[in-house]
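Have a look at the structure below before the remarks.
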Amino acid sequence: MNSPDLPPTKAAIEPLTGFSAFSNTTPYTSARLLQSYLMLVIILNFSLLFLKGYSQDLGYWQDWVRQLSTSGYDGFNGNYPPVYIHWLYLVGKFYSLTAIPLEHNDLLKFLTQIPVTLFHCILTFIVFRQLQTARAKPSLLQAVMVLTVFNPAILVNGPIWGQIDLIPAVMVYGSLLAANSWRYTYLAIPLFALALLTKFQTIAFAPIFGFLFFNKTRQHIIGILLAVLLGIVIFMPSIIAGHFWQSFRQAYIDTLGQYPMTTFNAANLWILLTGNTAPDNIVLFGVAQDSALARIFMAKHFGMMLFAITSLGIFIHGICFLIKNNTYINSNQLLSYSLFAATICALAFFTLLPAMHERYLFPATVIALGYCAIARQKVIYPVLISIICALNMLIILEINGSDIWYGLSWLTVGILIVALLDHLTNHKVLTISRVILKRVGHVPFASFWFFMLASTTMMFYFYDRYHIHQIELSEKQILLTDLPLIYARQDHGKMAVNRSFDGNRLSVANRRYAQGIGTHASSDIQYQLPDNAETFSFMAALDDEVGTADVQFSVWGDGKLLWQSAIIYGYERHIPTYKLDIRGVKMLNLKVASLKDERWDHANWINTVITLATVAAQDK
């Protein structure tokens, strides 16, 4: 059923490469629009990282990065296919090189989400190009692009939740574009294989590639050979480590029976039939357990049968479509048809099969966007699917509102400043902003440079935030905590050395420190000093693990007040280092007083260093 080798037009046949401009826009205008959308994608993805993600999945990334950074691929027990595992291996190398502790925090989330941000940019680029190729009206282009950039399912699944479902979904979209292109058909199967090597759930689209195989069969045979080679390359680290069969089994076999439930938080048919997390071996519709029909109507088998029937129907209908339109079919027609059929496959996979998760509707969101872009109709599908998918995830995801206070605060202040300036300058601010954006749009690869700048800025921020700042001691300096502790008393808990009151790394003003004392007001800590003690340097502040409180620090030497802080509330960002003269002091007392409510008075003494006098100075 190979299509006849007719010389179709580039716009009709080459959905991957055409870059047609609208009749009422110039190429420069189109380029500026695309750059603006890509920059918005980067800003949204990086900003939403600071929301609280799904702890269990982020815990998996943490555990897998730790395994890969310590023992490599040998014995790795993660249950994901290898493509994303390779990225986690690189993340592990980053932690090893920077010596930043591997912890469940925003830095880990940022590093694991970098590929997701890139693929959101790729999706935005492809959708924009497809809308141009299809000569969509400007109003439709803007609507679909806004839905692509601000898509709630994409943003909840990726930067907020911390998952990677966008990556294989975009790969499937790309493979469908390749399958329906004039030049790149042979890349369709390798791209689909790459999606399967990233997430096994993309097997839902197998019926589509089943009937597309019979269109340009020779190219797809070449693609199958390339896919085999690609699989060998992707699995090569596991093969070299002698771990291939275990990693293959974990990713593609063991996961099939991991959740023996009708549905695992997925709002689908099984919520209606059995409720959430019911066992998948229950028999439906009142059929007796000992009946001959019991095996058919067992929830697990019944769901698989429904999906198999649906998939077979899509495959047969696709074959009939190829036969009926073989003489007149062009790539845009076949692409539109296959994208809509793929959307149905993804919907059926989530709706009918048992053991679905809340996120498994996600690929339908991406494919529906692609269908809308090429068909220029039925925007309702990506809108509804995106909303349903996002709401299903938000039911499970607990978003901590306080995580976005600082971001929202900056946004609120910024909007007020811009509005005031715009008002005082007779609306010249926005006019100037538009001119600047137009000039930025003319910069070659502006969105790429913006991504590099944003990524670098984020990396510097996270490095400073999560790097453990070590204090370097000279030959005549010692740590206070290395001296004899006479006693330590506090109203709650126990004094912690080099840890906060809650047992975390010492963190003050969004910076972490290796050395210090974590206590809880009210507290009194006394150390015995050596005879040649000369100065005592330190920082004093509330730990970041609490919000605001009110405490007062003081240092006493042999019962005399040497230093007392102002009231510390916890919002302070400039924490100075104090240096006190302690010559002749035998007993040094560090005190923290609780002033009002003492429930959050987690106080830190940071970089507590005793400088000793030299022998010559001591003799004087």
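Only the coordinates and a few stated rules stand behind these numbers; no lab work does. Because the structure is predicted, anything quoted here is derived from the model rather than measured. In this analysis, Cβ positions are derived from the backbone assuming ideal geometry, glycine residues included, and neighbour counts consider all displayed protein chains.
A few notes on this one:
- Taking Lys and Arg as +1 and Asp and Glu as -1, the other residues whose beta-carbon sits under 10 Å from that of Leu131 total +4.
- Computed label-point distance, nm, for sites Val413 and Met452 using a 7 Å Cα→Cβ extension: 3.1 nm
- Summary of packing: across the peptides 332-342, 277-287, 148-158, the per-residue average of other C-beta atoms within 10 Å ranks them, highest first, as 148-158, 332-342, 277-287.
- Under 5 Å between amide hydrogens, built in the peptide plane, is the criterion, and for Thr535 it picks out Ile582, Thr611 among residues at least 5 positions away or on other chains.
- Proximal charge balance of His301 [Cβ under 10 Å; K/R count +1, D/E count -1]: +1
- Under 16 Å from the Leu483 label point (7 Å along Cα→beta-carbon), backbone N, the stretch 545-588: 554-563, 578-588
- Cα-only Debye scattering, the stretch 177-226: base-10 log of I(q)/I(0) at q = 0.14, 0.21 Å⁻¹: -0.30, -0.66
- Residue separation of Ser554 and Ile380 scaled by 0.36 nm, minus their Cα-Cα distance, works out to 56.2 nm of gained length.
- Rounded to the nearest 0.05, the FRET efficiency derived from the C-beta distance between Ile221 and Ile432 at R0 = 60 Å is 0.55.
- Pairs of Cα atoms nearer than 8 Å and 6+ residues apart set the relative contact order; for the chain it is 14 percent.
- Packing-based ranking, highest mean first, of 482-492, 374-384 given that Cβ atoms within 10 Å are counted: 374-384, 482-492
- In degrees, nearest ten, helix 362-375 long axis to first principal axis of the chain (Cα): 50 degrees
- Radius 11 Å from Cβ of Arg32, net charge of other residues (Lys, Arg +1; Asp, Glu -1): +3
- Label point 7 Å beyond Cα of Ile309 along Cβ direction - residues of the stretch 271-289 with amide nitrogen under 19 Å: 271-274, 282-288
- 21 Å Cα-Cα reach of Lys378 towards lysines, excluding residues that sit fewer than 8 places from it in its own chain: Lys137
- Look at [x] 40.7; [y] 38.5; [z] 26.7: the one that is mean projected area of the Cα convex hull in nm² derived from this structure is [y].
- When GluC sites (Glu not before Pro) are flagged only if DSSP places them in a loop and at most 10 other Cβ atoms lie within 10 Å, the longest unflagged stretch of the chain comes out as 1-397.
- Normalised by the number of residues in the stretch 469-619, the mean separation of alpha-carbon contacts (under 8 Å, six or more apart) gives a relative contact order of 33 percent.
- In the chain, helices alone account for a calculated mean residue ellipticity at 222 nm of -16500 deg cm²/dmol, with every DSSP H run of four or more residues adding -39,500 (n - 2.57).
- Overall form of the stretch 123-248 per C-alpha gyration tensor (a/c, 1.5; a/b vs b/c): oblate
- Per-residue packing, averaged as other Cβ atoms within 10 Å, sorts the ranges 507-513, 33-39 into the order 33-39, 507-513, beginning with the highest.
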